Amino acid sequence: MEDEKKQALRLGTNIILFLLALTVVEFFIGAYLKIWWAGIILLIVSTTKSVFVVRDYMHVRRLFVGEEERH
Amino acid sequence: MSTENLADMEIRPTIGKGSLTDYRYREGNNRLGLWLFIISDSFVFAGLLISRYYLLGFNYHPDVNQILGIAVTVMLVISSYFMFRAETLMKFGDIRGFTRNALVTMILGALFLIGVVGVEWQIAPAGPNDGAVWSLFYTMTGFHAFHVFTGLILLFVVWRKARMGKYNADRHWGVEAAAVYWHFVDVVWFFFYPALYLIGRPII
């Protein structure tokens, strides 16, 4: 139980570090890369960040898991 | 009674009002309802984003404060992390851990609100009546800020109920709902932040 809890919290920490790193990358792309397709890169970065949050923080999979699998 | 019937009785859960099975059933329905709401709400945000790209394309963005932009973004992203921690700790029955982390989430959310509405709106070079671009900027940030505000109210209610001992490891749907809603608000900002602050050059 304690291990499971630590593992879950560790996953959250890894994801937040990844999200913060991508946010910094995003900032520098926006500030210094003044080419039209920088916008496309920024949209890809936003989508990547969203996928991680929806999958691991919002637990979208819970929607598709049957009760017998949860308990 | 045949052995087949006995096996059937063992795997069939007893459904009674107030039982954990009943709670899980209602939780599943609530979860579906929450996600349907989130999907429908996403269309409104998507409409605002489409309007922004229609007006400014990839060439311009409103002339806003970049340092403030990254600061409020980092605050919101970190708030999502504390919300994740709060929900996870509740799942393992750590009520005190939940209340502590939910409190940090609320503080960061409030700082985000102050940063956008209290500071950015005040220092922006134009008001909501100064053309379509600025009107859209205030609409997008205002609509998002309203969601943050409602998220804060929801979080406060859940935080208070947790302190009153209304939740435990098995029954905490309110906590999950508040967490999912809070992360959704974060995801929306993932798209609003580059659209309003980063993509293209500043336009006055």
Checklist entry - For the charge dipole of the stretch B:48-204, defined by +1 on Lys and Arg C-beta atoms and -1 on Asp and Glu C-beta atoms about the Cα centroid, which residue among B:S79, B:N65, B:L55 has the Cα displaced farthest towards the positive pole? => result B:S79
Checklist entry - Assuming a viscosity of 1.567 mPa s and a temperature of 4 °C, what translational diffusion coefficient in µm² per second does Stokes-Einstein assign to the protein assembly as shown, Rh being the Kirkwood radius over Cα pairs? => result 64
Checklist entry - Add -39500 (n - 2.57) for each DSSP H run of 4 or more in chain B, then divide by its residues: what number comes out at 222 nm, to the nearest 500 deg cm²/dmol? => result -25000 deg cm²/dmol
Checklist entry - Of A:K6/A:K49; A:K49/B:K91; A:K49/B:K161; B:K17/B:K161, which pairs sit farther than 29 Å apart, going by alpha carbon to alpha carbon? => result A:K49/B:K161
Item to check | Extension gain from B:S135 to B:I114, taking 0.36 nm per residue of separation minus the Cα-Cα distance | outcome: 5.6 nm
Item to check | Near-label residues of the stretch B:142-160 by backbone N, under 18 Å of a point 7 Å along Cα→Cβ of B:N30 | outcome: B:151-160
Checklist entry - What is the calculated FRET efficiency for B:N168 to A:T47, with r their C-beta to C-beta distance and R₀ = 30 Å, to the nearest 0.05? => result 0.25
Item to check | Heavy-atom accessible area, 1.4 Å probe, ligands and nucleic acids excluded: residues of the stretch A:1-36 down by at least 50 Å² from chain alone | outcome: A:K5, A:L9, A:I16, A:L20, A:T23, A:F27, A:K34
Checklist entry - Which loop-located chymotrypsin sites (Phe, Trp or Tyr not before Pro) does the stretch A:1-52 contain, where loop means any DSSP state but H, G, I, E or B and the Cβ has at most 12 other Cβ atoms within 10 Å? => result A:W36, A:W37
Checklist entry - If you take the beta carbon distance between B:N65 and A:R55 as r and set R0 to 22 Å, what does 1/(1 + (r/R0)^6) give as a FRET efficiency, to the nearest 0.05? => result 0.10
Checklist entry - For chain B, what % of the accessible area comes from carbon and sulfur atoms, probe 1.4 Å? => result 64
Checklist outcome for this item: For peptide B:191-197, the mean count of other chain Cβ atoms within 10 Å per residue Cβ is 5
Checklist outcome for this item: Note to self: C-alpha centroids of the stretch A:4-71 and the stretch B:26-45 sit apart, in Å, by 20
Next on the checklist: Please compute, for peptide B:80-90, the average count of beta-carbon atoms on other protein chains lying within 10 Å of each residue's beta-carbon.
Outcome noted: 5
Checklist entry - What is the dipole size for chain A, taken about its Cα centre, with +1 at each Lys and Arg Cβ and -1 at each Asp and Glu Cβ, in debye to the nearest 20? => result 300
Checklist outcome for this item: Sorted on mean Cβ neighbours within 10 Å (highest first), peptides B:84-90, B:124-130 come out as B:84-90, B:124-130
Item to check | A:V65/A:W37 FRET efficiency (R0 41 Å; Cβ-Cβ; nearest 0.05) | outcome: 0.55
Checklist entry - From the square roots a ≥ b ≥ c of the eigenvalues of the alpha-carbon gyration tensor of chain A, which class results: rounded (a/c under 1.5), prolate (a/b over b/c), or oblate? => result oblate
Checklist entry - Roughly how big is the B-A contact, given as buried accessible area in Å² (both sides, 1.4 Å probe, nearest 100)? => result 3500
Item to check | Top positive-direction residue, dipole computed over the protein assembly as shown with Cβ charges, set B:G97, A:V60, A:W37 | outcome: B:G97
Checklist entry - Extension gain B:R100-B:K161, at 0.36 nm per residue separation less the Cα-Cα distance, in nm? => result 20.6 nm
Item to check | Label-point separation in nm, A:K6 to B:T21, each point 7 Å along Cα→Cβ | outcome: 3.7
Item to check | Whole-number accessible area per residue in Å² for the stretch B:71-204, which is evaluated in the context of all protein chains at 1.4 Å | outcome: 38
Checklist outcome for this item: The helix A:2-32 Cα axis meets the longest alpha-carbon principal axis of chain A at an angle in degrees, between 0 and 90 and rounded to 10, of 10
Checklist outcome for this item: With a ≥ b ≥ c from the Cα gyration tensor eigenvalues, square-rooted, and the rule rounded for a/c under 1.5, otherwise prolate when a/b > b/c and oblate otherwise, chain B is prolate
Next on the checklist: Per residue, how large is the accessible surface of chain A? Use a 1.4 angstrom probe and give square angstrom.
Outcome noted: 61
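The values are calculated or read from the model by the stated rules, or taken from the named source; none is laboratory data. This one's a predicted model, so the numbers in the text were calculated from it and none came from an experiment. We place every Cβ from the backbone using ideal geometry, glycine too, and count neighbours over all the protein chains shown. Protein only, heavy atoms only, side chains kept; ligands, DNA and RNA dropped before computing areas. Shrake-Rupley method; radii C 1.70, N 1.55, O 1.52, S 1.80 Å.
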